[in-house]
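Heads up: the structure comes next, in structure tokens.
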Ligand code: PRP
Ligand code: URA
């Protein structure tokens with residue numbers, strides 16, 4: 001049983017696209033398109049509880065009582081594989097700021113190595129969406145949340161595509177306040193830290209670098 005703030009989408013569009021994404025015969029161009037589309041759909045679900053304020057809008061026919069977002073949003077893609085998740089979501093939320101964080105997994109220890117961020121001294125956004133397709137051991141996601149919390153981020157959500165049970169457990173245990181939004185939780189990690197059945201290496205499949 002998953003904790004209350006871990007969401008695995010059962011949406012038919014998400015599940016259909018995920019099946020094509022996983023397929024080893026899907027090439028980099030199609031893979032990037034699917035990452036983009038899945039990211040938009042997952043972010044749509046992950047942002048369902050954003051704050052709204054009442055506003056009156058003058059239409060050509062009268063006054064409409066409407067609602068608009070109150071919170072400022074930061075998109076935080078984790079390099080490299082998170083890059084492909086940004087563009088589509090940004091189009092849906094063009095007022096968002098984008099803050100890149102560079103982490104890679106040391107292949108021997110599986111520990112995250114932090115190599116890049118240009119976060120300003122204090123936070124400029126109220127809600128951060130961490131974007132990274134793969135939640136494997138959970139080391140990278142946990143380190144990213146650590147960085148954002150140290151920065152002062154108040155509200156953080158993790159938007160990924162496939163998680164391993166080990167990664168979900170680790171991220172939730174370290175940061176129970178961070179909601180986790182995924183398209184699937186798979187069976188397990190293999191002995192080199194890859195998600196099984198997963199989709200292989202998300203960075204290599206996007207950028208054609210296998
Ligand atoms: C992948 C993925 C995550 C990380 C997940 O990145 O995009 O950032 O692995 O693994 P973890 O949960 O065990 O930390 P990778 O290190 O392959 O870097 P890349 O995207 O630059 O190829
Ligand atoms: N990173 C990936 O890209 N794929 C995995 O299965 C695990 C980590």
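Taken together, the values in this text are just the output of simple stated rules run on the coordinates, not laboratory data. Computed from a predicted model, the values in this text were never measured in an experiment. Note that we place each Cβ from the backbone using ideal geometry, even for glycine, and neighbour counts take in every protein chain shown.
Determine whether residue 209 is away from ligand 2 (no atom under 11 Å from the Cβ) and part of a helix (DSSP H, G or I).
Answer is no for this residue.
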Residues of segment 184-206 classified as more than 8 Å from ligand 2 (Cβ to nearest atom), surrounded by fewer than 19 Cβ atoms within 10 Å (Cβ to Cβ) and within 19 Å of residue 103 (Cβ to Cβ), total | 1
Test residue 42 against the criterion of being farther than 14 Å from residue 158 by Cα and surrounded by 10 or more Cβ atoms within 10 Å (Cβ to Cβ), and give yes or no.
-> no
Options 137, 142; residue that is assigned to a loop (DSSP other than H, G, I, E, B), at negative phi and touching a helix residue (DSSP H, G or I) at 6+ places or on another chain (Cβ under 7 Å) | 137
Any chance you could count how many residues in segment 159-175 are more than 15 Å from residue 1 (Cα to Cα) and away from ligand 1 (no atom under 11 Å from the Cβ)?
-> 3
For segment 53-88, enumerate the residues that are over 16 Å from residue 35 (Cα atoms) and surrounded by 12 or more Cβ atoms within 10 Å (Cβ to Cβ).
-> 66, 69, 71, 72, 73, 74
(1) more than 15 Å from residue 138 (Cβ to Cβ); (2) part of a helix (DSSP H, G or I); (3) touching a strand residue (DSSP E or B) at 6+ places or on another chain (Cβ under 6 Å): which one isn't true of residue 166, the others all being true?
-> (1)
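Every residue, every condition in (1) within 16 Å of ligand 2 (Cβ to nearest atom); (2) free of Cβ contacts under 8 Å to residues at least 60 places away in the same chain; (3) surrounded by fewer than 16 Cβ atoms within 10 Å (Cβ to Cβ); (4) closer than 20 Å to residue 196 by Cα, yes or no:
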{"position": "117", "(1), (2), (3), (4)": "no, yes, no, no"}
{"position": "121", "(1), (2), (3), (4)": "no, yes, yes, no"}
{"position": "127", "(1), (2), (3), (4)": "no, no, no, no"}
{"position": "131", "(1), (2), (3), (4)": "yes, no, no, no"}
{"position": "138", "(1), (2), (3), (4)": "yes, yes, no, yes"}
{"position": "144", "(1), (2), (3), (4)": "yes, no, no, no"}
{"position": "153", "(1), (2), (3), (4)": "no, no, no, no"}
{"position": "158", "(1), (2), (3), (4)": "yes, yes, no, no"}
{"position": "182", "(1), (2), (3), (4)": "yes, no, no, yes"}
Of all residues in segment 95-115, how many are touching a strand residue (DSSP E or B) at 6+ places or on another chain (Cβ under 7 Å) and farther than 16 Å from residue 193 by Cα?
-> 9
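For segment 190-205, how many residues are out of contact with any strand residue (DSSP E or B) (no Cβ under 6 Å at 6 or more places or on another chain) and within 12 Å of ligand 1 (Cβ to nearest atom)?
Going through segment 190-205, the residues out of contact with any strand residue (DSSP E or B) (no Cβ under 6 Å at 6 or more places or on another chain) turn out to be 191-194, 197, 199-201, 203-205.
Cutting the leftovers down to within 12 Å of ligand 1 (Cβ to nearest atom) gives us 192-194, 199-201, 203-205.
Counting residues in segment 190-205 that are out of contact with any strand residue (DSSP E or B) (no Cβ under 6 Å at 6 or more places or on another chain) and within 12 Å of ligand 1 (Cβ to nearest atom) gives 9.
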